[in-house]
Amino acid sequence: MCMCLALNSCDNDTIVITMLSSHADLIVANITTGEQTGSSQGTGRITAHPGDVLRISYNEPDDYEEYRWEVTINIFGEEITEEAPFVTEYTVREIDEGQQTITCRGVINDSDVDSFAGADTGTIYVDVVNE
């Protein structure tokens, strides 16, 4: 579900944005195996083994790319917060076999925006296989 609202008043130049999205542009590619998935159409799923290298990327929504975005990526319980667009590589460590998650939460953090409410979120499920 996605809801976007932007108000701009010419008199006060007030910018208020309310955005709720659970279909963020979060992409995870397993560089080791060549598998790739994204969360923009819902929830993605990918398989990984300890030692595999994952490339994780997040892009701000097209309709709001003129604003400064801050994204927090949670990779198997480890958090990284950076400015969007965001790309990082992560080597899968020895962890319990089974389903793990990679999530993102993007928010506008721009001095031109007087008020921002909501978030742009996404989830990728990673099936960790220890073989």
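Where a number appears in this text, it was derived from the coordinates with a stated rule and is not lab data. Since the model is a prediction, treat every value here as computed from it, not as a measurement. When we count neighbours, we look across all protein chains shown, and the Cβ atoms used for this are built from the backbone with ideal geometry, even at glycine.
Per-structure values
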item	result
In sequence order, calculated HN-Hα J values of the stretch 70-87 (Karplus, 6.51, -1.76, 1.60; Hz; x Gly/Pro)	10, 10, 10, 9, 10, 10, 6, x, 9, 9, 10, 10, 8, 7, 8, x, 10, 9
Hz values of 3J(HN,Hα) by residue in the stretch 13-23 - Karplus curve (6.51, -1.76, 1.60), Gly and Pro given as x	6, 8, 10, 10, 10, 10, 9, 10, 9, 10, 10
Residues whose placed amide H lies under 5 Å from that of residue 47, excluding near-sequence neighbours	127
Other-chain or far-sequence residues with amide H under 5 Å of residue 122's (modelled H)	24, 104
Formal net charge of residues neighbouring residue 119 (Cβ-Cβ distance under 13 Å; K, R +1; D, E -1)	-2
Environment charge of residue 26, counting only residues whose C-beta is closer than 13 Å and scoring Lys/Arg +1, Asp/Glu -1	0
Residue among 37, 24, 49 farthest towards the positive dipole end of the chain, charges placed on Cβ	49
Nonlocal amide H pairs with residue 84, under 5 Å, H built at 1.01 Å	69, 70, 71
25 °C / 0.890 mPa s Stokes-Einstein diffusion coefficient of the chain, Kirkwood radius on C-alpha pairs, µm²/s	158 µm²/s
Radius, Kirkwood style, for the stretch 90-131 when every pair of distinct Cα atoms is counted (Å)	13.1 Å
Percent antiparallel among DSSP beta bridges (both partners in the chain, rounded to 5)	80 percent
For the stretch 46-56, Karplus couplings with θ = phi - 60° (6.51, -1.76, 1.60), whole Hz, Gly/Pro x	8, 10, 8, 10, x, x, 5, 9, 9, 9, 10
